[in-house]
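To start, the structure under review is shown below, and the notes come after it.
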Amino acid sequence: MEEEQQWIFMNGEFVRKHEAKVSVYDHGFLYGDGVFEGIRTYDNNVYKLKEHLIRLFESARSIMMEIPYSLDEMTEIVVDTVRKNDLENAYIRVVVSRGVGNLGLDPRSCGTPQVIVIAEELALFPKELYKTGIEIVSVATRRNRPDVLSPKVKSLNYLNNILVKIEANLAGVPEALMLNDEGYVAEGSGDNIFIVKNGVLYTPPGYVGALEGITRQAIIDIADDLMYTVKEQPFTRHDVYTADEVFLTGTAAEVIAVVKVDGRVISDGKPGQETIRLTEAFREKILQDGTPVYKKEMKA
Ligand code: PMP
């Protein structure tokens, strides 16, 4: 879509992309004070919209910010934004910032929270990498301690993850592996990690510091259905290096195989058979768990 044709939902109305601007006094801009969600649509179905919006409302509740819409209204806003942009396969970003205030930290100076919804086509990694798998490195930046800033709060404060991404860029790889302060594997900069060993799936539990992603949960559910054993337990880099398979999951990343970690080739250096099987099952299930985006003419 032409950039100037794109519609952004901003505080109750749709505006063109070039008009969608926020004040420099917005506390989301000044302090990262706000929350967000990343959601996807597949073939006119918004995938797990309810789960994403519940997480958005829980993040907001946790930081004492009231979203000026109900869950039902937000559902409609998201679906309307996709429809307005005529997108069948879109990545949707929902941002709720504390709003415009003064220069002090105190959120009480802010007016109503700003609600912004952006929908556009996005693939996090080049298409080719979904076939070949990617290389990742573990980085020096550690995951925030969950007792300091809970990973359950999907806040606009993503500096921790951005520093990880910068380290990945410096290493010339598309994604990185973040450890927690005890050296256990936590997650990627914006995705969760799974390893497969002897047919069993392992993923770090939330208390290690990982965001308990919606795609992660979808993979756990699919793996359960397919009779895999799934263990949410802490593991180290050694376990990743010696795994049979490694893959990452996330709304933006979707499911992507990892074939090299810190220079160690995983198995034969190709996406593993369980990763491929789970990815295919995930793709099949995507449409069953969606909220339909009816075309304009189909709406009653
Ligand atoms: N970890 C982090 C830090 C993330 O930002 C994301 C993206 N929301 C994920 C994991 C994956 O979560 P989900 O599957 O819900 O997109």
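The values are calculated or read from the model by the stated rules, or taken from the named source; none is laboratory data. Here the structure is a predicted model, which means the values were calculated and not measured. Glycine gets a Cβ as well: all are built from the backbone with ideal geometry, and neighbour counts include every protein chain shown.
Out of the stretch 88-110, which residues are surrounded by fewer than 20 Cβ atoms within 10 Å (Cβ to Cβ) and farther than 23 Å from ARG55 by Cα?
Selection gives GLU88, ASN102, LEU103, GLY104, LEU105, ASP106, ARG108, SER109.
May I ask you to list the residues in the stretch 147-173 that are away from the ligand (no atom under 12 Å from the Cβ), without any contact (Cβ under 8 Å) to a residue 12 or more places away in the chain and either of a type in the set (A, V, I, L, M, F, W, C) or in contact with a Phe, Trp or Tyr (Cβ under 8 Å, 6 or more places away or on another chain) (or both)?
VAL148, ILE166, LEU170
Any residue that is in contact with a strand residue (DSSP E or B) (Cβ under 8 Å, 6 or more places away or on another chain), aliphatic (A, V, I, L, M) and more than 30 Å from ASP147 (Cα to Cα) - is there at least one of those in the stretch 249-256?
Checking the stretch 249-256: not a single residue is in contact with a strand residue (DSSP E or B) (Cβ under 8 Å, 6 or more places away or on another chain), aliphatic (A, V, I, L, M) and more than 30 Å from ASP147 (Cα to Cα).
Within the stretch 174-192, track down each residue that is in a loop (DSSP other than H, G, I, E, B) and either away from the ligand (no atom under 14 Å from the Cβ) or within 18 Å of the chain's Cα centre (by Cα) (or both).
Quick first cut of the stretch 174-192, residues in a loop (DSSP other than H, G, I, E, B) only: 174, 180-184, 188-191.
PRO174, ASP181, GLU182, GLY183, TYR184, GLY188, SER189, GLY190, ASP191 - these are the residues of the stretch 174-192 that are in a loop (DSSP other than H, G, I, E, B) and either away from the ligand (no atom under 14 Å from the Cβ) or within 18 Å of the chain's Cα centre (by Cα) (or both).
With respect to ILE195, determine if the residue is within 15 Å of the ligand (Cβ to nearest atom), more than 21 Å from ILE162 (Cβ to Cβ) and not assigned by TED's automatic domain parsing to the domain that holds GLU58.
Against the criterion (within 15 Å of the ligand (Cβ to nearest atom), more than 21 Å from ILE162 (Cβ to Cβ) and not assigned by TED's automatic domain parsing to the domain that holds GLU58), ILE195 does not qualify.
Give the stretch 21-67 a look and list any residue that's within 17 Å of the chain's Cα centre (by Cα) and in a helix (DSSP H, G or I), or say none.
LEU49, LYS50, GLU51, HIS52, LEU53, ILE54, ARG55, LEU56, PHE57, GLU58, SER59, ALA60
Within the stretch 226-246, is even one residue in a loop (DSSP other than H, G, I, E, B) and modelled with pLDDT under 95?
So far as the stretch 226-246 goes, no, none of its residues is in a loop (DSSP other than H, G, I, E, B) and modelled with pLDDT under 95.
Among the candidates ALA257, ALA243, which residue alone is surrounded by 13 or more Cβ atoms within 10 Å (Cβ to Cβ) and closer than 23 Å to GLU182 by Cα?
Criteria check complete, one pass: ALA243.
Could you list, in sequence order, all residues of the stretch 88-116 that are more than 14 Å from PHE29 (Cβ to Cβ) and within 15 Å of the chain's Cα centre (by Cα)?
Those that are more than 14 Å from PHE29 (Cβ to Cβ) and within 15 Å of the chain's Cα centre (by Cα): ALA90, TYR91, ILE92, ARG93, VAL94.
Considering GLU232, GLU245, which residue is touching a residue at least 12 places away in the same chain (Cβ under 8 Å), within 17 Å of LYS152 (Cα to Cα) and not hydroxyl-bearing (Ser, Thr, Tyr)? Write out each step before concluding.
Numbers: GLU245 fails: within 17 Å of LYS152 (Cα to Cα).
Just a single option satisfies the conditions, and that option is GLU232.
Of everything in the stretch 58-87, what is surrounded by fewer than 19 Cβ atoms within 10 Å (Cβ to Cβ) and over 23 Å from TRP7 (Cα atoms)? Give them in sequence order.
GLU58, ARG61, SER62, ILE63, MET64, GLU66
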